[in-house]
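S.K.: Below you will find the structure I want to go over with you.
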Amino acid sequence: MPLALLALAVGAFGIGTTEFVMMGLLPDVADDLGISLPAAGHLVSAYALGVVVGAPLLAALTARMPRRTVLIGLMALFVIGNALSAAAPGEGSLLAARFLSGLPHGAFFGVGAVVATGMVAPERKARSVSLMFLGLTVANIIGVPAATAMGQALGWRATFLGVSAIGVAAMAALLLLIPRENAAAPSAGGLRGELAALRSVPVWLALGTTVAGFGALFSAYSYITPMLTDAAGYADTSVTLLLALFGVGATAGNLLGGRLADRSLRGTLIAGLASLVVILALFPLLMRTQVTAAAAVLLLGATAFVTSSPLQLMVMEKASAAPSLASSANQAAFNLANAGGAWIGGLALTAGLGVTSPALAGAALAVLGLLVAGAAWAVDRRTVAPGAGRVVAGHVPERAEAVRR
């Protein structure tokens, strides 16, 4: 694999760290700024809103720019947002800085996925995407715990300065490691071509699969702490280590999914979603003992992230003539899944269905994801005409891709 993928992984590591570290720093931020915990929780929402807004917006606005330049510019915006977070004097300015930090998130992963797949042979595309996402999953094992510990020891502002430093390192890596000739070409169709890609039914079905599939994950994961403490009997102090175990599972699943998807993209996606249904449905049983609860956390990360590379690649292939916007929109879909999944899991708790009920709600969402993926497969079969093996400029021939599907 090209060394340039390391530069994308470093950027992903910084983004993953800043996305999730706020959750561990909320009490410190609330105390320092003199605000309530619910008010501090808006800082998490502000970042997610930035991702949803920035992913399609920045991808569209930069459609005619060289992709290497776009990636460096996005990382520069990331550095500025985190530096402003560190210097924010109050709640309002910190909310704005967190929103700004989230803006480049989706576009970086979206454009980065296009660049990553452009540097490898067709049979290694999914693996290249998984290596970029590796930075995101490793952030949950190393970056977030380390940044949280830094914030607790040196103050939460030091954490965001540290994340800014990671962003600077990522900019240097992008500049040095990504060849100009491999990432210079902008979208052939420009903004109009990128927007046209979103009129495709297969693209929207792929995005819908992302929302349902990862909504299933976040329905359970958002409430994993009370499940582990109230149902499995773990002490509060053990939760951090168990969440790192989730990161280990996510990392393993991400790498496995990349390898399997290069052999069968759709098969890997269907198998991953089906496995997620089973694990989430078994959560009420698995949470009865500490050993099986730990295994459940590991398997939740693995089964969910097995689908990350196939989902990203599927969106890109359905919009193969103008993939940057669709690829970035898939990152917005991930964050919509985060918010929507947490909301649906919360409804199950509010209804009094038990502390493990969010996992069962997640299982239902994963079933929905399977149904949407099945609908996408049916649409693909109907659109493969007798002459579909011909190469159309900018499009992936359906029969050529059928081997991997």
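S.K.: Given Cα pairs under 8 Å that are at least 6 residues apart, what percent is the relative contact order of the chain?
M.R.: Numbers: 785 pairs, mean separation 97.6, N = 405.
With pairs under 8 Å counted, the relative contact order is 24 percent.
S.K.: How much of R259 can a 1.4 Å solvent probe reach, expressed as accessible area in Å² and rounded to 10?
M.R.: Rounded to the nearest 10, the figure is 140 Å².
S.K.: I've got another one for you. Compute the distance in nm between two label points, each set 7 Å from the Cα along the Cα-to-Cβ direction, one at A252 and one at R381.
M.R.: Inter-label distance under the simple model: 3.4 nm.
S.K.: Ranked highest first by the average count of other Cβ atoms within 10 Å around their residues, in what order do 105-117, 40-52 fall? Don't skip to the answer; put the middle values down first.
M.R.: Values: 105-117: 28.8, 40-52: 20.0.
Final packing ranking: 105-117, 40-52.
S.K.: Which FRET efficiency value, to the nearest 0.05, do you get for E123 and T237 by plugging their Cβ-Cβ distance into 1/(1 + (r/R0)^6) with R0 = 45 Å?
M.R.: Given R0 = 45 Å and the Cβ-Cβ separation, E is 0.45.
S.K.: Would you calculate, for the chain, the mean residue ellipticity at 222 nm contributed by helices, counting each DSSP H stretch of 4 or more residues as -39,500 (n - 2.57) and dividing by all residues, to the nearest 500?
M.R.: Value at 222 nm, helices only: -26500 deg cm²/dmol.
S.K.: Within the accessible area of the chain, what % is carbon and sulfur when the probe is 1.4 Å and the other protein chains stay in place?
M.R.: It is 70 percent, rounded to a whole number.
S.K.: Report ³J(HN,Hα) in whole Hz for each residue of region 287-293, in order, from the Karplus equation J = 6.51 cos²θ - 1.76 cosθ + 1.60 where θ = phi - 60°; Gly and Pro get x.
M.R.: 7, 7, 10, 5, 5, 5, 5
S.K.: Quick one: net charge around L256, please, counting Lys, Arg +1 and Asp, Glu -1 for every other residue with C-beta under 14 Å from its C-beta. Don't jump to the answer; show the numbers that get you there.
M.R.: On the way: positive: R127, R259, R263; negative: D262.
The answer is +2.
S.K.: Take the alpha carbon atoms of region 61-94, find their center, do the same for region 322-364, and report the distance between the two centers in whole angstrom.
M.R.: With region 61-94 and region 322-364 each reduced to a Cα centre, they are spaced 26 Å.
S.K.: Determine, for each peptide in 164-176, 4-16, the mean count of other beta carbons within 10 angstrom over its residues, then list the peptides with the highest first. Walk me through the intermediate numbers first.
M.R.: Values: 164-176: 19.4, 4-16: 24.9.
Highest-to-lowest ranking by the protection proxy: 4-16, 164-176.
S.K.: Right, another one. Which net charge results when you count Lys and Arg as +1 and Asp and Glu as -1 among the other residues whose beta-carbon is under 15 Å from that of S36?
M.R.: After counting each charged neighbour, the total is -4.
S.K.: Where is the GNM fluctuation largest for the chain (alpha-carbon springs, 10 angstrom cutoff): L74, L371, L313?
M.R.: L371
S.K.: Additional query: Considering amide H positions built from the backbone, and no H for Pro or chain starts, which residues 5 or more places from I178, or on another chain, come under 5 Å of its amide H?
M.R.: Close amide H contacts, sequence-distant or interchain: none at all.
S.K.: Related question: Any idea what diffusion coefficient the chain gets from Stokes-Einstein, in µm²/s, Kirkwood Rh on alpha carbon pairs, 4 °C, 1.567 mPa s? Write down the numbers at each step before the final one.
M.R.: Details: Rh = 21.2 Å.
This corresponds to a translational diffusion coefficient of 61 µm²/s.
S.K.: Calculate, for the chain, the solvent-accessible area per residue in square angstrom, rolling a 1.4 angstrom probe over the heavy atoms of the protein chains.
M.R.: The answer is 39 Å² per residue.
S.K.: Let me ask something else about it. If you take the C-alpha gyration tensor of region 77-161, multiply each eigenvalue by 5 and take the square root, what semi-axes do you get, largest first, in whole Å? Show your work: numbers first, answer last.
M.R.: Working: eigenvalues 191, 54, 11 Å².
Rounded to whole Å, the semi-axes are 31, 16, 7.
S.K.: Highest GNM mean-square fluctuation, the chain, Cα pairs closer than 10 Å: which of P284, P56, P310?
M.R.: With Cα springs under 10 Å in the chain, the top fluctuation among P284, P56, P310 is at P284.
S.K.: To continue, here is another question. Quick one: which of 324-335, 59-70 comes out on top by average Cβ neighbours within 10 Å, and what's the full order, highest first?
M.R.: In descending order of packing, they fall as 324-335, 59-70.
S.K.: I want the local charge near S130. Using Cβ-Cβ distances under 11 Å, sum +1 for each Lys or Arg and -1 for each Asp or Glu among the other residues.
M.R.: Overall, the nearby charge balance is +3.
S.K.: Provide the convex hull volume over Cα atoms per residue for region 10-97, in Å³.
M.R.: Values: hull volume 7.8 nm³, N = 88.
Cα convex hull per residue, to the nearest whole number: 89 Å³.
The values are calculated or read from the model by the stated rules, or taken from the named source; none is laboratory data. On a predicted model such as this, the values are computed, not experimentally measured, just so you know. All Cβ positions, even for glycine, are placed from backbone atoms using ideal geometry, and neighbour counts span all protein chains on display. What goes into the accessible areas is simple: the full protein's heavy atoms, side chains included, and nothing from ligands, DNA or RNA. Shrake-Rupley method; radii C 1.70, N 1.55, O 1.52, S 1.80 Å.
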